[in-house]
């Protein structure tokens, strides 16, 4: 029995289902490890000692590479002073100042722990500011794991989503029709900077859709909320829709914000400052100093080293190599999303059987990818790491071709 299997059996006795949610490796293809021992740079080792080139980056939080020295040193310095105190430390103000200086749409910041905290807080601010209740969101979009944003969540009721109205991502007409149907009731339009629903090809935002959403929010007096939890600090340090010249009223951040330390934030404009300060929004560990110190070091390192450009170069190399390999082995593939947050699907693979087989073969070759969730690049992925990963993916394409021939 492997250590991983033993831990799964022990977990099954004390944790419902053994594990649960999207981190449950039992719902992946056979062979995926559930438990990991350590990580460094762009590599992870599972509890049975197997090494992987990591292209999930802990599902997004790791942006500079695991255990980045500058981040770890900042976290250790703060830990030596104190982490969970009677109130926040000076680092909270320093981090808030850094975010306001870095993000053009940010005049203030509120902190929390998870992406779901941040998206929920953002909608609370919008409702407090407008006195309205309705929210427009894209059909199938993922904004967290609370009842209001996850329709399939067990133990919830339809009433918890009663104030949501949906539109098709990138359809400005659909968005405008959804707003018109709720004339005078819309508190917020919440949208991800690109469509990154699981099991589907990703879809970049069309510039006119992004700009139209901004114009519509202004026209109907609602808040435009960008859910940058997944893409934030990997697409553009200033905010993912800066490339379109679109600045939101509120932005939700988490994942890559502190290179693996637990923290989230909402940033907003001065027009919403008064509404934000009326909220009762707190948590026992929301002012933890260690995570704030790590976030400050992470953002400063991203800024000082131009790490996003490095991730873009690595992602472009990976994408080009995968296209060439797929073609050489007779596969037609789609690679979608930003190169720093990529995903690959096989043409005609409706049940994902080809993707499941290919990613399992990649795993056998020491390359950790995912068959239905987008991947993540980090600044620790060097040209040599990408070349080594492509050796593994090429072998996986070859094995998958043989299996389905």
Residue 222 fails exactly one of (1) touching a helix residue (DSSP H, G or I) at 6+ places or on another chain (Cβ under 6 Å); (2) modelled with pLDDT of 95 or more; (3) more than 20 Å from residue 97 (Cβ to Cβ), namely (1)
Pairs, please: C-beta under 8 Å, at least 6 apart or cross-chain, first residue not assigned by TED's automatic domain parsing to the domain that holds residue 255 and assigned to a strand (DSSP E or B) and in the range 320-346, second buried (at least 20 other Cβ atoms within 10 Å of the Cβ) and modelled with pLDDT under 95? none
Wholly within the range 217-274, which strands (runs of 3 or more DSSP E) include no fewer than the required count, namely at least 3 residues that are without any contact (Cβ under 8 Å) to a residue 60 or more places away in the chain, over 14 Å from the mean Cα position of the chain (by Cα) and surrounded by 24 or more Cβ atoms within 10 Å (Cβ to Cβ)? none
Any residue at all in the range 348-355 that's part of a helix (DSSP H, G or I), under 24 Å from the mean Cα position of the chain (by Cα) and in the same structural domain as residue 31 (by TED's automatic domain parsing)? yes
When residue 280 is run through (1) within 29 Å of residue 58 (Cα to Cα); (2) free of Cβ contacts under 8 Å to residues at least 60 places away in the same chain; (3) in a loop (DSSP other than H, G, I, E, B), the failure sits at (1)
Scan the range 1-14 and tell me whether some residue there is in a loop (DSSP other than H, G, I, E, B) and within 18 Å of residue 60 (Cα to Cα). no
Just for the range 362-385: of the residues that are touching a helix residue (DSSP H, G or I) at 6+ places or on another chain (Cβ under 7 Å) and assigned to a helix (DSSP H, G or I), which one is nearest to residue 59 (Cα to Cα)? 362
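The values are calculated or read from the model by the stated rules, or taken from the named source; none is laboratory data. Bear in mind the structure is a predicted one, so any value in this text is a computation, not a measurement. Heads up, the Cβs are rebuilt from the backbone with ideal geometry, glycines too, and the neighbour counts pull from every protein chain shown.
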